[in-house]
Amino acid sequence: MLDIFVVPFSDNQFMVQALLAGVLVSVACAIAGTFIVLRGLAFIGDALAHGVLPGIAVAMLLGFPGLLGAALGAAVMIGGVTLITQRSRLSSDTAIGLLFVGMLALGVVIVSRSSSFSGDLTRILFGELLGITPEGIVVQLIATLGIAAVAFICARPFMLLAFDPEQAQVAGFSSKKYHYLMLMLIAATIIISFQTVGTLLVFGLLIAPAGAGALLAPRIGTMMVWAAGFGTLSMYAGLLLSYHFNLAAGAAVILVATIIFFVVFTIQNLRTRTPSLPEHSEEATDG
C-alpha cells in the first residue's frame, strides 16, 4: 500500500522535480493568494492570469523567454487599468474587464495566426509541471524567496490595506502605493508560476488554498501557512493521481485543491450548524 504513495517519487526523478517546483509554487501562491482573498482582488488576479497570454505569445514568436513576455503583459494590464481609472469616470472593475477580454482576444489572435503554436499553446495554458528542469526550480526558488521577502517587509501596510485602507493612510502608509505594490506581487507570482501550472490553472492555485485557509485561520500569517499546506497537499495528491491514472498533472492539482476547499467549507458549515448539547442541571426531586 505504501508503494502507491512513495514509489512514483522514489523511482522517477521528474516526479521529484515536479513536486519540488510545485511546493515552491504553492508557497508563492499562498502568499499572493492570501491578499487576493482578503482584499477581494479575484477579478484582477484572473485578468492578470489570462492577460499575460499575448505577451508570452509575442515573446516566443520573437525568440525571447516566455517570462519576459509574461512580465510585459502584466505591466500592460496594470498600467492600462491605472490609466483608465485615473483618466476617466470608469470604475476599476470596468477597466479590468475591458483589458481582460481585449488582452485575451489579442493573445488568441496572435496564436491563431501562427501554425507553430499548437504545442507551445498547451504548455502556456496548462504548464509543464512534469517537464520542469533543475534550472526552472532554481528560478522558482529565487522568485518565491523574493515574493516572501516583499510580503515580510510590507507586512504591516499590506495587513492594514487588507482590512481597512483608510487606517493604512492614517498610519502613514500610502494606500495607492501599497495597492500597486500588492498588484505587482500578485503579477510576479503569476509570471513565475505560469511555466509550472500554466496561465489557466495558476489562478486556481492562487484562490482555492488561500480560500480554504481563510475559513480556518483568524490571522494573515496563519492563513498563509494553511494555504501553503493545502497547496502542497494538492501538488502531492495531484501528481499521484496524474501518475496512476494518466491524467493531466496541472489540472489534477487544481482539481484536488478545489476539492480540498469544498471539504473544508463543508466541515466548517457542519461545525457551525451543529447545536451544542444542553447542559444537564442537577435538580433535587422529591420522591
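Annotations
- Base-10 log of normalised Debye intensity for the chain (one unit scatterer per alpha-carbon) at q = 0.11, 0.13, 0.15 Å⁻¹: -0.67, -0.90, -1.16
- Taking the 1.4 Å solvent-accessible surface of segment 195-235 as the whole, the part contributed by carbon and sulfur is 71%.
- Calculated [222 nm] ellipticity per residue, helices only, for the chain: -27500 deg cm²/dmol; basis is -39500 (n - 2.57) per DSSP H run with n ≥ 4, divided by all residues, nearest 500.
- Probe 1.4 Å, protein heavy atoms only - accessible area per residue of segment 63-214 in square angstrom: 50
- Sparse-neighbour loop sites [trypsin sites (Lys or Arg not before Pro); segment 34-122; at most 16 other C-beta within 10 Å; DSSP]: 89, 113
- Accessible-area order (highest first, 1.4 angstrom probe) of the listed residues 190, 153: 153, 190
- Taking every full run of DSSP H in the chain, the ones that stretch at least 18 Å from end to end by Cα along their long axis and average 0.0 or higher on the Kyte-Doolittle scale are 13-39, 66-87, 92-112, 134-153, 175-197, 199-216, 220-245, 249-273.
- Residue 222 versus residue 259: modelled label distance in nm, points set 7 Å from Cα along the beta carbon direction: 2.8
- Excluding the site residues themselves, the longest part of the chain lacking any GluC sites (Glu not before Pro) in a DSSP loop with at most 11 other Cβ atoms within 10 Å is 1-278.
The values are calculated or read from the model by the stated rules, or taken from the named source; none is laboratory data. Given the structure is predicted, the values throughout are model-derived calculations rather than measurements. So basically every Cβ, Gly included, is an ideal-geometry build from the backbone, and we count neighbours across all protein chains shown. Protein only, heavy atoms only, side chains kept; ligands, DNA and RNA dropped before computing areas. Shrake-Rupley method; radii C 1.70, N 1.55, O 1.52, S 1.80 Å.
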